[in-house]
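Working notes, structure below.
Taken together, the values in this text are just the output of simple stated rules run on the coordinates, not laboratory data. Small disclaimer: the values here were computed from a predicted structure and weren't measured. Every residue, glycine as well, gets a Cβ built from its backbone with ideal geometry; the counts of neighbours run over all protein chains shown.
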Amino acid sequence: MTRHRRNRDSLFDRIISDNERDLLAYLQRRTTNGADAADAFGEMLLIAWKQRTKLPSDPVAARMWLFVVARNVLQNHRRSAIRASEGLRRLAETMRTLVPQPDDADDVIMLRAAVEQLPAADAELVKLVYWDGFTSAEAATILDLNPSTCRSRLARALRELRSTYGSPESETGA
Amino acid sequence: MHDLHFEDRLRAAAPRVSVPLELAEHRKRIMRDLRNRRRKRSTLWAASCAVVVALVGGGTVAVAGNGTHATWNVSADNVLIIPGPDGQTCSGGINIETNGIPDDSELARTARAIVASIDLRKLDTSKGEAALAAENGKPYPDGTPGTVHYTPQQIKQLAMFDAVATILADELKARGLQMAQDGTEPVFVAAQMMGCD
């Protein structure tokens, strides 16, 4: 084994380990159930592993890269042979047996529905910033957008949300 | 409503998620599966042409050869039946698949004829089996953590596919045809197996 390859694989393991919980949460927020999230998580691991030579060495850039992979997995509904993985089957089973969270209040459900009613690209931007905790610049990287374009779209989406949700108009500082 | 308050409420509207505490262990298991699968695949690619193997789910299977339809709705150019684990039968169909060339091209037709003419029962795979067995217990050559472990069934299957791929490449070459062109494989061997793992 070459030192370069050993370092690369070690970097891959470390970056995945640092981000796996956020990645699974990201996938969970965009899939209908835990088993589907597990399925997408496995596919994300497979693709990231195959393309690990492209993994940036900078931790922040690597995190962004992984979320781009996860986003592409969600956009591509095809799933590969990773489904046959025994390890993935066990994760899906675990996800199915997790204790369900209590129901949210009505106003939370309504606000969530309002986000879903936004144009898909705007909804995804709002989710990345407000649900996944990315800055608008990081969201721009994941969505392959110009940062200033991203900021203006985000402001527009917030205006739309406030309008739909019945809140008074004001400017965003996001 | 102040805008920051609205943004806080927006953050609070994130769908609730539950991530297993033992996610890292799950991820390591999945990665092990991936790496083992990759290792099997790389062995096949080491042959002189590409072989893709798909494992079919449980149950029984009947496969018919030489272009006739099998009970699981696939046509097979040749049929492989060897002992599987736990007394079951490992069986499957071997097909020539095309990649970027017409299915009825000379190369595809010739490759199919060659594969169909191979008597799999008489193939001498002892050399390939010995080479694979010798890898057992050794570190993965690509740096994957752990050591190689092939079951006797896997050794038999892999040696068989390597032998088929090698014969095919040699025969095509002898007939003035090429398996690989500009780094791509216009035809490759695909196998669907059942009861083999």
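Structure above, values below:
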read-out	value
Under 18 Å from B:K122, Cα to Cα: lysines that are on another chain or at least 8 residues apart	B:K156
Spatially proximal lysines relative to A:K50 (Cα-Cα < 19 Å; intrachain offsets below 8 disregarded)	B:K28, B:K40
Formal net charge of residues neighbouring B:E106 (Cβ-Cβ distance under 12 Å; K, R +1; D, E -1)	+1
Nitroxide proxy distance, nm - points 7 Å out along Cα→Cβ at B:K28 and A:I109	4.1
Residue order, fewest to most beta carbons within 10 Å, for A:F67, A:F41	A:F67, A:F41
